[in-house]
Amino acid sequence: MPLAIRRADMRLLKIAAVLNWSQLKVYEDVDAEAEALQVPYADTDDELWKRVVTISWRWAKRKPGANEPGFSPMSDIQFRELKATLQHAVDSGAEYVWIDWSCVPQDYSVDSMVEVLRSKVFYARARFMYILPTFEDLPEGPVGVILDEARKVLGTRASAAAADETESLQCAVAESVIGAILEKNRTAGREYFGRVWTLAERMARHGRSEGLCNWLSLESWLGMVVDAMVKSTEDKDSSIIYKKMLGQNAAGLLKEVLGPLAKAVRLGGVQAEACDGLEDKVADLCVAAVGVWLSPSNLEEAPTREWLKMYLGQEARSGIYQAWSEADRVWAIYSYFCWKRLDQRSEAGLRMALDDLAETAGGDKGTYVQGMYAQLGIAPEMDRQQDKLEAAPTASQWWLALVLCGNTNKVGAQAAEITRLVGLLKSRDINIKKKAAMSLMTLAQDDANNVAIANAGGIPPLVKLLDSSDTGIQEQAARALASLAENDANRRVAIAKAGGIPPLVKLLDSSDTGLQQQAAGALAKLAVNDANQAAIANTGGIPPLVKLLDSSDTGLQQQAAGALAKLAVNDANRVAIAEAGGIPPLVKLLDSSDTGLQTQAAGALAKLAENDANQAAIANTGGIPPLVKLLDSSDTGLQTQAARALAKLAENDANQDSIAQAAGIPPLVKRVRGSSDIGVQKWAAWALANLAVNDANQVAIANAGGIPPLVKLLNSSDTGVQEQAARALANLSVNDANQAAIVQADGISPLLKLVLDSSDTGVQEQAARALAKLAANDANQAFIVSDIRPLVGLLNRPDSRTDLHMIAAGSLATFANINIANRAAIANAGGIPPLVRLLDSWNTDVQEQAARALAALADKYEASMVLIAKAGGIPPLVKLLDSSNTGVQQWAARALANLSENDANRVAIDKAVETSLLVKLVHDSWDTGVRSRSSLHMHPTYISITWQIHLPPPGAAFRARRVRAGRSQWALRVCMSYEVLAGCTAGGGNERGLAMVGGAGLPVSSYHWVLYLNLPASDCGLAVRSLYLELVRQLVCARGPAAVLIPSTNMHIYLRYCWCVRPAS
């Protein structure tokens, strides 16, 4: 290390200070004296570094182009995880942490090259390195269902693999971690291992024999694998690094999963044949990933010349590693091989760094670094010298430019010709540049030529031409880039990486209308990409686009409105467009005489209306009446966007009234009835569905004749149309008269068919909702129950969403509660086994509805009692008595009460309670200070409960231990005075029992038995719940239990047990 770098000050943060921060502070905001240790690197020793932890992390947000006070690249979730990690590090003896954002100068005027050069030493010398990934929500759709099914497979394997202790342990651990991911509905992001800067940080730990388990938690690692698996359904490059890390066998498992998973995501379910056994493959992958996490590091990256040669020649350009900028691919690894201080911000510094790395790698650098020069958009030094010799264009260049411009066919140009044209873009003659740009613009109208242009390296020079002083060249370049961005996601990314967004935004302020129009059009095409949406906004693109809406040129207005519509896909951009004053001019454009302009304006308003505040703003600006008027346009595209905007606006309660007052319901019904366009049908039905939340609108839609055409749309070939039509009918059926109208329109049959046959879970859900609402009408129940198979079928679909399970189980509970005939129909249709299976769902709402349905099925119907027991329903029902959800507790208790009418079931319930693990935990959770025993005896004429308990004298102290949660275990010490009273209520009378319950015989006529406990100390509530839980479990075996613990404000605990006892016949 050069002496100047050794003597330069370095910074380590005090962990104790960071733990008190509300967010990660930027370098310049850190109190260097109170919150950090700031010393020359030369003054540090090994003893200090033994107390240091470094954080290798993936920034959640890119550093802005200019200083923004209060900005932090670390998300709130990341910062919470950081603080938890640092607390663990403190427990292991760490005192200081090095993290780049707070320890490297971030001031844009300061050179940070010193820290870049020596940061590898910090990562190498620190005692610990911890990885901090980004975090993302699990996507909606089948992914959560597939993971839950894989979790169950892992649980089964953990029990079955008892002979193989390692396999059993890995399955059990994987099951637990996947369960935690599902519970949080969040995974760690895959991007960390695919970033070039984090690659450099891991390389610093080379030679330590550290595994992944030393760097990050298993939950984070499995979350990354899951995220890579999911993202690979859209982008195959997402899993490249994970295939490398997992090793050959596990990488093969990942490859096997990706095809079926992509199909499941595309179809919205796993019913396709190709998806069979997908949960087993995912389970295999999870177990393999656990093994990789436990094993020593198998990462191949190392600061060696052979690795560097491979990196420069292949990996830096293969897509395996990502970076904020192309230059980062050089700077991130430069310091591992060279100590030279270079200017990171200049092209000359970048060229020198690349040449130094090539020299270090050795060999014929022409064979592996020429691609890097092209990717970075710089020329090797010898090429630059050659350029200087070309002071004027040659005759052949003139001839080539003219011929290619005038005579090259638009379609099917030769790749060689395109390559030569791309080369002419770099000419020093402005006329040749213009001719070449015009030729490429013309050729780019055909997508086959776009592929050749991109492959020939045409994007960087076209981007460079946007800064030309010639407006004609700028316009041709912008138009060519717009064509290149139109149909290819990779080219949109490439244009952004080449720096195309800032100059295009700058051109929006041009005085040339044609140039503005082409720039706005190019930005609209680029804004299809999520990252580009944010980049355009961050570059300041929204205000000038809003300003262009007031142009007198309709073409320019249309391009600006189209760009804003694409940008408004992003949540933050919707707010920014409104704040820039975008809503009033867009509403004004709805009255334009140009249909294309109206369509773009309505489309932009539709996207903006996905924001709650914007819904009110659009209405307040007078946007609803012109949108209603546009429903009568003869243009289906305009009808679609107008209906879409009204559908989103109708999510607002006040707007529902406003749309009705603007006479919006009849034209929406007209579009549903008369249009053959799927887009118009879907959005008109969507709007009616949202309007139908309003009671008055339910009547108005029916009066406008909306119900028959909505029923007709249930037979559409498009699932989106079907879903919205079913949702509209579900909302309309809240009205009694509408229920009858839906039946008269023959709506029940297609709804039943959709529930039974549709492969779309959204369609099934809305159809089931509609049927559940229609079932409130007595006349409809018999018709629906006549074929109960569709609802039962929903329970059997492993790819169904949990809300769909909940609706189906709830509907069956409603039907079963009506009469014994319905219970028999549900049982005969095979409804009991899937309901029992749903008791094990991770979703408590599903558990509650499944328990409710089983309780209704077992009510005075012997056949269902037997079938529920045979399906294994008793153990999970007993387990649910300990649920944290009181609704689940109550319905599980009700189901057990009804099941206990059967003698065999009563024995089974008793056995299930006695073997309950929870009862054992309660017994084991008390010190010798408290002992309790309880027993239950059932007689033909009365029930005898014996409860013996020994408590310390009043005022004495005792300790209750809770079951260990995570790594923490705590004890509760309570000074308690107590009073125990037992009461018996018979025929409305009250009698006080003794302070100790013992051999209390309760007559058959007794209806309630209540146990009162008066405990003044609030913390006693926790102890009492555990102490009397065993009593509750024992009482479950009596006939008709319903056990509830209710703490009141004064912390009296009421434990109530109700039953109805009938004499033996």
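The values are calculated or read from the model by the stated rules, or taken from the named source; none is laboratory data. These figures come from a predicted structure and were not determined experimentally. All Cβ positions, glycine included, derive from the backbone under ideal geometry; neighbour counts span all protein chains shown. In case anyone asks, the SASA skips ligands and DNA or RNA and just uses the protein heavy atoms, side chains included. Shrake-Rupley method; radii C 1.70, N 1.55, O 1.52, S 1.80 Å.
Just to confirm a number: summing +1 for Lys and Arg and -1 for Asp and Glu over residues other than residue 61 whose beta-carbon lies under 12 angstrom from that of residue 61, what do you get?
Details: positive: 58, 62, 63; negative: 68, 76.
So the surrounding residues net to +1.
Over the range 69-110, what percent of the accessible surface lies on carbon and sulfur atoms, probe 1.4 Å? Write down the numbers at each step before the final one.
Details: 910 of 1780 Å².
For the range 69-110, the apolar C and S fraction of the accessible surface comes to 51 percent.
Kirkwood Rh and Cα-based Rg: tell me the resulting Rg over Rh for the range 510-605, rounded to two decimals. Intermediate values should be presented prior to the final figure.
Values: Rg = 11.8 Å, Rh = 12.8 Å.
Answer for the range 510-605: 0.93.
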### Message
Suppose R0 equals 45 Å. What FRET efficiency, 1/(1 + (r/R0)^6) with r the Cβ-Cβ distance, do residue 356 and residue 451 give to the nearest 0.05?
### Response
0.85
### Message
If I model a spin label at residue 166 and residue 4 as a point 7 Å from the Cα along the Cα→Cβ vector, what separation in nanometres do I get?
### Response
5.4 nm
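Taking only the Cα atoms of the range 606-700, how large is their convex hull per residue, in Å³? Present the calculation step by step, with values, prior to reporting the outcome.
Working: hull volume 7.3 nm³, N = 95.
Dividing the Cα hull volume of the range 606-700 by its residues yields 77 Å³.
Need one number for the range 413-491: average projected area of the convex hull over its C-alpha atoms, nm². List each step's numbers first, then the result.
Working: hull surface 17.3 nm².
With the hull built on Cα positions only, its mean projection is 4.3 nm².
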#### Entry: Residues whose placed amide H lies under 5 Å from that of residue 621, excluding near-sequence neighbours
none
### Cα extents of the range 446-489 along the three principal axes, largest first (Å)
30, 17, 16
### Query
For residue 633 and residue 84 in the same chain, what is the full-extension length gain: residue separation times 0.36 nm, less their Cα-Cα distance, in nm?
191.8 nm
#### Entry: Stretchable slack from residue 48 to residue 620, in nm (0.36 nm times residue separation minus alpha-carbon distance)
199.6 nm
### Message
Please list 3J(HN,Hα) in residue order for the range 539-547, calculated via the Karplus relation 6.51 cos²θ - 1.76 cosθ + 1.60 where θ = phi - 60°; whole Hz, with x for glycine and proline.
### Response
7, x, x, 6, x, x, 5, 4, 4
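Which sequence of 331, 197 reflects their accessible areas, 1.4 Å probe, from the largest down? If you can, show how the numbers build up before the last one.
Numbers: 331 5, 197 80 Å².
So, going from the largest accessible area down, we get 197, 331.
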### Query
Working out 0.36 nm times the residue gap between residue 594 and residue 820, then minus their Cα-Cα distance, what length gain in nm do you get to one decimal?
74.9 nm
